[in-house]
Amino acid sequence: MTSFAKVAEHSARHPKPEGVTFEYGTAGFRTLGETLASTVFRSALLAALRSQSKQGRVIGVMITASHNHERDNGVKLVDPMGEMLQQSWEGYCTDIANADSDAQVVHILESIVKAEGIDTSIQPKVAYARDTRPSGPLLQAALEDGLTALEVEVTNYGVVTTPQLHYFVRCLNTEHSSAPYGDPTESGYNEKYGQAFLRLVEGKPQPSTLHIDAANGVGAPQVRKLADAIASPYFSIDVRNSDTETLGKLNIDCGADYVKSNQRPPAGTSLAPGGRYCSFDGDADRIVYYYADEHGIFHLLDGDKISTLVATYLRDLVAAAGLSDLQVGVVQTAYANGSSTSYIKDTLRLPTVFAKTGVKHLHHEAERMSIGAYFEANGHGTVLFNPSAVDKLQEAKPTTPAQADAIGRLWALRDLINESVGDAMSDMLLVETILICKGWTLAQWDAAYTDLPSRLLKVVVNDRNIFKTTNAEQTLTSPPGLQDVVDALVAKFPKGRSFVRPSGTEDAVRVYAEAATRSDCDQLAYAVAGAVFDKAGGRGERPAEFL
Ligand code: NG1
Ligand code: ZN
């Protein structure tokens, strides 16, 4: 029987900072690392209850702030199949993080036990890890104190990527099932993905070196271990921005978020024409590729380019396997470039839907498809095989060697993909596989369609909670009248599109715009951002670079 007797005493060691309100957002809690100890301690308590509510299955806890600044940190819970925490529990997280006293922390735990009908005699189990941030060790200690208070059975994975932790959780919970996901260790991870990769590429021409910008984060040591496990010229890599020791380097002037937001290579990287480059973010769940053409012009291959590449490849394989009733679909968010959406609909003729920002929303939409590829434009995404698709693959009776080969490749692809969550390393191996099999350069991959110029801006306002949206976050319902202003501005620009939504991870409002030309796009973006600033309580400097 789990007792809450020790909770108040342990909780007193991690006082909640005065005047701070915490919110479990799109990717868990995320804020200044130095303010997070109480929240991480309390997240440990909730992870224990969540585990008991899931009959003692393992719940994951990851301490990371992804692509954000090094002084930030965050914590999120991972559900038993490696997916994001069920949304109905996010409110509990927010409530307990904001509890004003140690007694209230205990009271909230008791009320969750009651509301969820939790059997507290079940042994709770939690697996946890952190990224390379300097505040990580202290927050980990707070987490461990919470786990000790509830006598949780723990597995500490140390410093690993976020998707590795998701993978471990899924492995731990399927270990003794009829479909074990894999060995729940780092070497099990490297083995599973590395072997699947080699199965798919062996016998094809070998690619040139891939230059990987690891954002000075945890992806650097981990991708090196992956390469050691693969130990093949099919995966020849050069890891840059791999300094996880020096303070102040994580995600600074490098990494997937920098490259995508600024649409330029990491600082200090000159791109050799024909060279192959990619960037991870600080916890290695996002990846973007890029190259320079013969004129030295930078070209970005973002999450939309990855999802179209992957969806095309899967569609062709499914057809080659003779499994025409297996439908490949694509899930995007409103941040997907308009050209990619048109390409999926009009050229690939595949079903596509828009989900709200945040991978949990995309993941749920993709679960509804036979084979669903979901990617955010920023490079976070993966592919899901619906259980009915897996059954069809199992029942498939190939009548030709070509069909048998395609079915074998679909199985190998399923092993190559981290289905629990978007994973820079697994996605990288997937992209590499497709490029190797097609014998394509990055420019050949890029040729499918041309992105419309786009711009993403941030506006700081007094209260971002007044911003409410509908229509997969593309239409504002509040503040009143602001959507009409956006619509009127959009109407002025050919191929114009713009939308405004509150960020789920930062205290700001995001403005996205695209249009037929760079100049139109920038004018539109800054006009919308200016309108948000003027009409909805903008703070600081008015966004007005071009007007
Ligand atoms: P917010 O801050 O809600 O826009 C950002 C990204 C999301 C997602 C989360 C989690 C954009 C525009 N937004 O969310 O796609 O990745 O962070 O990290 O890229
Ligand atoms: Zn990340």
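Summary of values
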item: Given (1) touching a strand residue (DSSP E or B) at 6+ places or on another chain (Cβ under 7 Å); (2) open to solvent by less than 30 Å² (accessible area, probe 1.4 Å), number of the condition Thr312 does not satisfy; result: (1)
item: Failed item, numbered, when Lys125 is tested on (1) buried (at least 19 other Cβ atoms within 10 Å of the Cβ); (2) basic (Lys, Arg); (3) over 27 Å from the mean Cα position of the chain (by Cα); result: (3)
item: Unique match (being of a type in the set (A, V, I, L, M), within 25 Å of Ala65 (Cβ to Cβ) and touching a helix residue (DSSP H, G or I) at 6+ places or on another chain (Cβ under 7 Å)) among Val169, Val160; result: Val160
item: Which numbered condition Ala515 fails, given (1) surrounded by fewer than 21 Cβ atoms within 10 Å (Cβ to Cβ); (2) farther than 22 Å from Gly358 by Cα; (3) out of contact with any strand residue (DSSP E or B) (no Cβ under 6 Å at 6 or more places or on another chain); result: (1)
item: Filter result (open to solvent by less than 50 Å² (accessible area, probe 1.4 Å) and either free of Cβ contacts under 8 Å to residues at least 24 places away in the same chain or among the aliphatic types (A, V, I, L, M) (or both)) within the stretch 147-170; result: Leu147, Ala149, Leu150, Val152, Val160, Leu165, Val169
item: Hits in the stretch 286-306 (condition: under 14 Å from the mean Cα position of the chain (by Cα) and part of a strand (DSSP E or B)); result: Ile287, Val288
item: Wholly enclosed helices (runs of 4 or more DSSP H) of the stretch 387-482 bearing at least 3 residues under 30 Å from Gly537 (Cβ atoms) and not hydroxyl-bearing (Ser, Thr, Tyr); result: none
item: Every residue from the stretch 360-383 that is surrounded by fewer than 24 Cβ atoms within 10 Å (Cβ to Cβ), not acidic (Asp, Glu) and not in a loop (DSSP other than H, G, I, E, B); result: Lys360, His361, His363, His364
item: Qualifying residue in the stretch 450-458 (condition: open to solvent by 30 Å² or more (accessible area, probe 1.4 Å), closer than 19 Å to Pro207 by Cα and not assigned by TED's automatic domain parsing to the domain that holds Ser342); result: no
item: From Ala334, Ala321, residue being open to solvent by less than 10 Å² (accessible area, probe 1.4 Å) and within 16 Å of ligand 1 (Cβ to nearest atom); result: Ala334
item: Cross-chain or 6+ apart pairs with Cβ under 7 Å, the stretch 278-302 first and farther than 24 Å from Ile63 by Cβ and away from ligand 1 (no atom under 16 Å from the Cβ), then in a loop (DSSP other than H, G, I, E, B) and charged (D, E, K, R); result: Phe298/Arg264; His299/Asp293
item: Those residues of the stretch 327-349 which are within 19 Å of Leu410 (Cβ to Cβ) and out of contact with any strand residue (DSSP E or B) (no Cβ under 6 Å at 6 or more places or on another chain), in sequence order; result: Gln327, Leu348
item: Residue that is farthest from the chain's Cα centre (by Cα), among those in the stretch 342-386 that are among the aromatic types (Phe, Trp, Tyr) and within 16 Å of ligand 2 (Cβ to nearest atom); result: Tyr374
item: Residue count for the stretch 65-75, restricted to those that are within 14 Å of ligand 1 (Cβ to nearest atom) and either aromatic (Phe, Trp, Tyr) or open to solvent by 10 Å² or more (accessible area, probe 1.4 Å) (or both); result: 4
item: Residue list for the stretch 57-94, filter: among the charged types (D, E, K, R) and in a strand (DSSP E or B); result: Asp72, Lys76
item: Hits in the stretch 388-410 - residues which are surrounded by 15 or more Cβ atoms within 10 Å (Cβ to Cβ) and closer than 19 Å to Ala366 by Cβ; result: Ala389, Val390, Lys392, Leu393, Leu410
item: From Ser420, Ser478, residue being crowded, with 22+ Cβ neighbours inside 10 Å, of a type in the set (S, T, N, Q) and either touching a helix residue (DSSP H, G or I) at 6+ places or on another chain (Cβ under 7 Å) or without any contact (Cβ under 8 Å) to a residue 60 or more places away in the chain (or both); result: Ser420
item: The stretch 364-384: number of residues that are closer than 11 Å to Ile306 by Cβ, of a type in the set (A, V, I, L, M) and more than 11 Å from ligand 1 (Cβ to nearest atom); result: 2
item: Residues of the stretch 356-380 that turn out to be closer than 22 Å to Arg455 by Cβ and either touching a strand residue (DSSP E or B) at 6+ places or on another chain (Cβ under 6 Å) or β-branched (Val, Ile, Thr) (or both), as a count; result: 4
item: Residues that are hydroxyl-bearing (Ser, Thr, Tyr) and within 16 Å of ligand 2 (Cβ to nearest atom), drawn from the stretch 479-536; result: Ser503, Thr505
item: Residues (surrounded by 24 or more Cβ atoms within 10 Å (Cβ to Cβ), assigned to a helix (DSSP H, G or I) and under 29 Å from the mean Cα position of the chain (by Cα)) located in the stretch 1-37; result: none
item: Those residues of the stretch 206-251 which are open to solvent by 60 Å² or more (accessible area, probe 1.4 Å) and touching a Phe, Trp or Tyr at 6+ places or on another chain (Cβ under 8 Å), in sequence order; result: Gln206
item: Residue among Ser279, Ser187, Ser261 that is outside any loop (DSSP other than H, G, I, E, B), surrounded by fewer than 19 Cβ atoms within 10 Å (Cβ to Cβ) and either at positive phi or within 14 Å of ligand 2 (Cβ to nearest atom) (or both); result: Ser261
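The values are calculated or read from the model by the stated rules, or taken from the named source; none is laboratory data. Here the structure is a predicted model, which is why all the values come from computation and not from measurement. As a convention, Cβ positions derive from the backbone with ideal geometry for all residues, glycine included, and neighbour counts pool all protein chains shown. The protein model used for the area step is the full one, side chains on, heavy atoms only, and it has no ligands, DNA or RNA in it. Shrake-Rupley method; radii C 1.70, N 1.55, O 1.52, S 1.80 Å.
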